[in-house]
1. Give region 113-139 a look and list any residue that's of a type in the set (A, V, I, L, M), within 16 Å of the chain's Cα centre (by Cα) and modelled with pLDDT under 95, or say none.
2. Taking only region 10-55 into account, find how many residues are outside any helix (DSSP H, G or I), at pLDDT below 80 and among the β-branched types (Val, Ile, Thr).
3. Could you tell me whether Gly153 is in contact with a Phe, Trp or Tyr (Cβ under 7 Å, 6 or more places away or on another chain), of a type in the set (Gly, Ala, Ser) and part of a helix (DSSP H, G or I)?
4. Mind checking which residues of region 71-104 are farther than 28 Å from Thr37 by Cα, modelled with pLDDT under 80 and open to solvent by less than 60 Å² (accessible area, probe 1.4 Å)?
5. Would you be able to say whether some residue in region 140-147 is under 14 Å from the mean Cα position of the chain (by Cα), at pLDDT 90 or above and not polar (S, T, N, Q)?
6. Quick one: which residue in Thr2, Thr7 is within 17 Å of the chain's Cα centre (by Cα) and at pLDDT below 95?
7. What number of residues within region 105-127 satisfy the criterion of being closer than 15 Å to Leu192 by Cα and either open to solvent by 10 Å² or more (accessible area, probe 1.4 Å) or part of a strand (DSSP E or B) (or both)?
8. Answer with yes or no whether Leu188 is closer than 26 Å to Ser34 by Cα, without any contact (Cβ under 8 Å) to a residue 60 or more places away in the chain and buried (at least 23 other Cβ atoms within 10 Å of the Cβ).
Amino acid sequence: MTGHPPTGLRAALVLRDGAALLERAIGYALGQLSNVTPDALARATPCLEWDLAALLRHVDDSLAALQEAMARGEVGPESGAGGADPAVAVRERAGVLLGSLAGRQHHPLVCVGGYPLPAEIVTSAGAVDIAVHGWDIARACGRPGPIPGELAGEILAVSRLLVTEADRPGRFGSPVPLPPRANASDRLVAYLGRDPG
């Protein structure tokens with residue numbers, strides 16, 4: 001989870017269907033996995049402390065935590081099992097989570113760190129994490145695939161609600177300045193401290 005739970009009508013509108021947003025974010029990220037090869041796993045990523053293999057293990061763990069949140073209504077300690085091929089592990093975990101999301105049978109509240117949060121906040125935060133790490137995967141593979149405009153715009157709106165200055169520089173870097181006409185994908189990753197250039 002990032003930031004503080006948003007409140008008010010604006011937040012309710014932006015977060016109204018976090019599960020659908022998460023489904024689309026997963027779809028984008030899965031598309032980027034097609035570029036992952038065994039040789040690419042040692043490559044650097046925009047997440048400075050991780051190579052591609054470590055980033056994929058993080059994505060696997062994030063997907064596992066989201067699955068746990070949907071199935072049990074709580075998020076415990078790290079849950080990703082990993083495996084010899086982290087890209088395969090991410091694909092498999094994503095498939096399980098997408099099945100859960102499609103059924104729309106999940107808890108309305110999710111306990112995170114002892115605090116109950118609406119599931120829409122958890123799934124929306126998950127969409128931010130998964131989509132942006134999909135972009136990171138594409139970058140690491142040398143095949144930049146921008147986040148589709150509509151999806152990027154929606155995730156940027158969520159990010160502005162969930163990511164606060166308290167999250168910087170720990171979870172995210174400072175926003176990267178961009179020209180005024182930058183596309184939605186570039187604005188999203190720049191807001192989260194990544195250089196889209």
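The values are calculated or read from the model by the stated rules, or taken from the named source; none is laboratory data. None of the values given here were measured: they were computed from a predicted structure. Every residue, glycine among them, receives a Cβ derived from its backbone with ideal geometry; neighbour counts consider all protein chains shown. Note: accessible area is taken over every heavy atom of the protein model, side chains too, but ligands, DNA and RNA are not part of it. Shrake-Rupley method; radii C 1.70, N 1.55, O 1.52, S 1.80 Å.
1. As a first pass, look at region 113-139 and keep what is of a type in the set (A, V, I, L, M): 117, 119, 121-122, 125, 127-128, 130-132, 137-138.
Remaining after also requiring within 16 Å of the chain's Cα centre (by Cα): 119, 121-122, 125, 127-128, 130-132, 137-138.
If the condition is that a residue be of a type in the set (A, V, I, L, M), within 16 Å of the chain's Cα centre (by Cα) and modelled with pLDDT under 95, then Ala119, Ile121, Val122, Ala125 are the ones that fit.
2. Taking region 10-55 first, the residues outside any helix (DSSP H, G or I) are 15-17, 34-37, 43-51.
Retained after the next criterion (residues that are at pLDDT below 80): 15-16.
If we keep only those that are among the β-branched types (Val, Ile, Thr) too, we end up with none.
Going through region 10-55 one residue at a time, the tally reaches 0.
3. Details: in contact with a Phe, Trp or Tyr (Cβ under 7 Å, 6 or more places away or on another chain): no; of a type in the set (Gly, Ala, Ser): yes; part of a helix (DSSP H, G or I): yes.
For Gly153, the condition - in contact with a Phe, Trp or Tyr (Cβ under 7 Å, 6 or more places away or on another chain), of a type in the set (Gly, Ala, Ser) and part of a helix (DSSP H, G or I) - is not met.
4. If the condition is that a residue be farther than 28 Å from Thr37 by Cα, modelled with pLDDT under 80 and open to solvent by less than 60 Å² (accessible area, probe 1.4 Å), then Gly76, Gly103 are the ones that fit.
5. In the first step, residues of region 140-147 are kept if they are under 14 Å from the mean Cα position of the chain (by Cα); the result is 147.
Now restrict to residues that are at pLDDT 90 or above: 147.
Filter again for not polar (S, T, N, Q), leaving 147.
Yes, region 140-147 contains at least one residue that is under 14 Å from the mean Cα position of the chain (by Cα), at pLDDT 90 or above and not polar (S, T, N, Q).
6. Details: Thr7 fails: within 17 Å of the chain's Cα centre (by Cα).
Every option except Thr2 fails the conditions.
7. 1
8. Numbers: closer than 26 Å to Ser34 by Cα: yes; without any contact (Cβ under 8 Å) to a residue 60 or more places away in the chain: yes; buried (at least 23 other Cβ atoms within 10 Å of the Cβ): yes.
It is true that Leu188 is closer than 26 Å to Ser34 by Cα, without any contact (Cβ under 8 Å) to a residue 60 or more places away in the chain and buried (at least 23 other Cβ atoms within 10 Å of the Cβ).
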